[in-house]
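Undergrad: Provided herewith is a single structure, encoded as structure tokens, for subsequent inquiry.
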DNA sequence: TTGGAAAGTCAACAACGCTGACATAAACTT
DNA sequence: AAGTTTATGTCAGCGTTGTTGACTTTCCAA
């Protein structure tokens, strides 16, 4: 709340309201920059950010179900369905009936889906790569540490659970 | 592109595509968490994220003009106007004719505008504070460094230009 | 066989981006 | 003084992406 110094980390002066406000603002500007490059590509094709997110998470977990995707993305099925319907119609995503449970649909990227996902994520990675290089390895470790600490427990599990090795 | 090791920072293995993908994903999840708390308050009041942004930047630069706000937020005047109109009608923002240039409007937060902005930003700061404390001062420095490196030059100037002291 | 979960669809709505067109006042230029 | 530019505001309309609610179909499991 206020900067009463004297005790441990509190005295390191990076928890003042003003410092925290700057942190928020940095998040705002950085996130805008972070989405800007893929947004340009998406616009050419008449897609939006939601399409990118779907492509990203289907690539990350091939064969994932709609329900699983819903819980990761945190949107309603109606909202996701609109996006998926279009991606399937456009031949970027394939939806196949589940093996064990035939109510489920397993989602995969098609070749052209993979190609678009690669194009989008490469645009995004290019910016990340430049930023990481500029900031250096220690800064990157700190960056990741703060981002993870910022997530809710549930999100953190989804984030860390998506792959094997950590960061 | 690929992890051909051997030269300088490249060999530190934090620039592989997979590492960069994880960075992107961390940004996605963290940003969702970052906006979640104020979003809940805004929803109660029938406002959206755009209202929060306007309140934030008017508080940051009291007396700012509409044009200045437009260039910071990076939206069209029609879009901003819709938000400002509501905030002014609701008595959260005051708009006064400029002194030097009477075409301009100087924007300020009213008392209730200040109160809401405080409530929103405090909710956001609370999460930042917790994350910062968990991650520690070095991580915070790295976090800020990467976020700044991620911005476009123009954004970085707006970010750093808004106040006196840096980070 | 029946209950309920999973998936999909339709309708309607809201927030918030966008474009284009137009109005007004003030300031600047010629 | 007349014309142009700038700052702002507003109207109309559109698209993406979120929401709720209602409903159907499919199909697993008790």
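The numbers here are math on the coordinates, done by the rules we state, and not lab data. Just so we're clear, the structure is a prediction, and the values are computed from it rather than from any experiment. Note that we place each Cβ from the backbone using ideal geometry, even for glycine, and neighbour counts take in every protein chain shown.
Undergrad: Sketch the reach of a paramagnetic label on residue B:67 as a point 7 Å from Cα along Cα-to-Cβ, and name the residues of segment B:88-115 whose backbone nitrogen lies under 19 Å away.
TA: Of the residues in segment B:88-115, B:95-108 have backbone N under 19 Å from the label point off residue B:67.
Undergrad: Starting with the fewest neighbours, write out B:122, A:138, A:148 ranked by other beta-carbon atoms found within 10 Å of each beta-carbon.
TA: A:138, B:122, A:148
Undergrad: Let me ask something else about it. Across the residues of A:122-128, average count of Cβ atoms on other protein chains within 10 Å?
TA: Counting other chains' Cβ atoms within 10 Å and averaging over A:122-128 gives 5.
Undergrad: Could you state the angle between the C-alpha long axis of helix A:77-89 and the longest principal axis of the C-alpha atoms of chain A, as a value from 0 to 90 degrees rounded to the nearest 10?
TA: Around 50 degrees separate the two axes.
Undergrad: Additional query: Using the alpha carbon gyration tensor of the protein assembly as shown, what are the three equivalent-ellipsoid semi-axes (square root of 5 times each eigenvalue), largest first, in whole Å?
TA: Result for the protein assembly as shown: semi-axes of 35, 26, 20 Å.
Undergrad: Something else: Would you kindly work out, in nm and rounded to one decimal, the distances from the label point of residue A:76 to those of the same position in each other copy, ordered shortest first, with label points 7 Å along Cα-to-Cβ?
TA: Sorted ascending, the copy-to-copy spacings read 2.7 nm.
Undergrad: Here's something else I'd like to know. From other protein chains only, count the Cβ atoms within 10 Å of every residue's Cβ in A:151-159, then give the mean.
TA: Across the residues of A:151-159, the mean count of other-chain Cβ atoms within 10 Å is 4.
Undergrad: In addition: Taking a cut-off of 26 Å, what percent of all Cα-Cα pairs in segment A:17-159 are separated by more than that?
TA: Across segment A:17-159, Cα pairs with separations above 26 Å total 34 percent.
Undergrad: What Kirkwood hydrodynamic radius, in Å, does segment A:91-167 give when the mean of 1/r is taken over all pairs of distinct Cα atoms and then inverted?
TA: Kirkwood radius, segment A:91-167: 15.6 Å.
Undergrad: On average, how many beta carbons from a partner chain sit within 10 Å of the beta carbon of a residue in A:87-93?
TA: For this peptide, the per-residue mean of nearby foreign Cβ atoms is 0.
Undergrad: So if we plug the beta-carbon distance of residue B:102 and residue A:115 into 1/(1 + (r/R0)^6) with R0 = 56 Å, what FRET efficiency do we get, rounded to 0.05?
TA: Taking R0 as 56 Å, the efficiency between residue B:102 and residue A:115 is 0.50.
Undergrad: On to the next question. If I stretch the segment between residue B:138 and residue B:90 completely, what's the gain in nm (0.36 nm per residue apart, minus their alpha carbon distance), one decimal?
TA: 13.0 nm
Undergrad: I would also like to ask the following. Exposure proxy check: A:18, B:153 ranked by fewest other beta carbons within 10 Å?
TA: Ordered from fewest to most neighbouring Cβ atoms within 10 Å, A:18, B:153 come out as B:153, A:18.
Undergrad: What is the angle, in °, between the Cα long axis of helix B:111-135 and the longest principal axis of the Cα atoms in chain B? Nearest 10 is fine, range 0 to 90.
TA: Taking the Cα atoms of chain B, the angle to B:111-135 is about 10 degrees.
Undergrad: Same structure again: In which sequence would A:47, B:31 go, from the one with the fewest C-beta neighbours within 10 Å to the one with the most?
TA: Sorted ascending by nearby Cβ count, the order is B:31, A:47.
Undergrad: I would also like to ask the following. Using the alpha-carbon atoms, what tilt in degrees (0 to 90, nearest 10) does helix B:137-150 show relative to the longest principal axis of chain B?
TA: With both axes taken from Cα atoms, the answer is about 80 degrees.
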